[in-house]
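In what follows, a structure is listed as structure tokens, so that the remarks can point back to it.
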Amino acid sequence: MKDYKPEILIYLNQVKNYLKSNIEANNYFMVEVNPTLFFSKLCEISEKNFEDNGDPHLTPTQFELLKKEMEITIPLPKTFEKISIFGTYSLN
């Protein structure tokens, strides 16, 4: 993780503590997510917010977009398999 301003690091720790103490929020945002990638991206957004308006906090919309971005980076399970003599079939 790169060097961030103290305001960004304080905000990062606030978010981490919130997710540790709020199971519902943790399950919503952190299930099947790489925490390092999630918090790294959170810091990038937070830094941009701080530079633009002096406040590192993410908006609810930004949190939702971050969640969607993390979902996109998770590889989907393979549902089609190839059998050499029969072609492709689905496990569904």
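Readers should treat all values here as calculations from the given coordinates under stated rules, not as data from a laboratory. These figures come from a predicted structure and were not determined experimentally. No Cβ is skipped: glycine too gets one built from the backbone with ideal geometry, and neighbour counts run over all protein chains shown.
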(request) Work out from phi, with θ = phi - 60° and the Karplus expression 6.51 cos²θ - 1.76 cosθ + 1.60, the ³J(HN,Hα) of each residue of the range 57-70, listed in order in whole Hz, and give x for Gly and Pro. (result) 5, 7, 7, x, 5, 5, 5, 5, 5, 5, 4, 5, 5, 5
(request) Can you put 70, 30 in order of Cβ neighbours within 10 angstrom, beginning with the fewest? (result) 30, 70
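Grab the other residues whose beta carbon is less than 9 angstrom from that of residue 50, score K and R as +1, D and E as -1, and report the net.
It works out to a net charge of -3.
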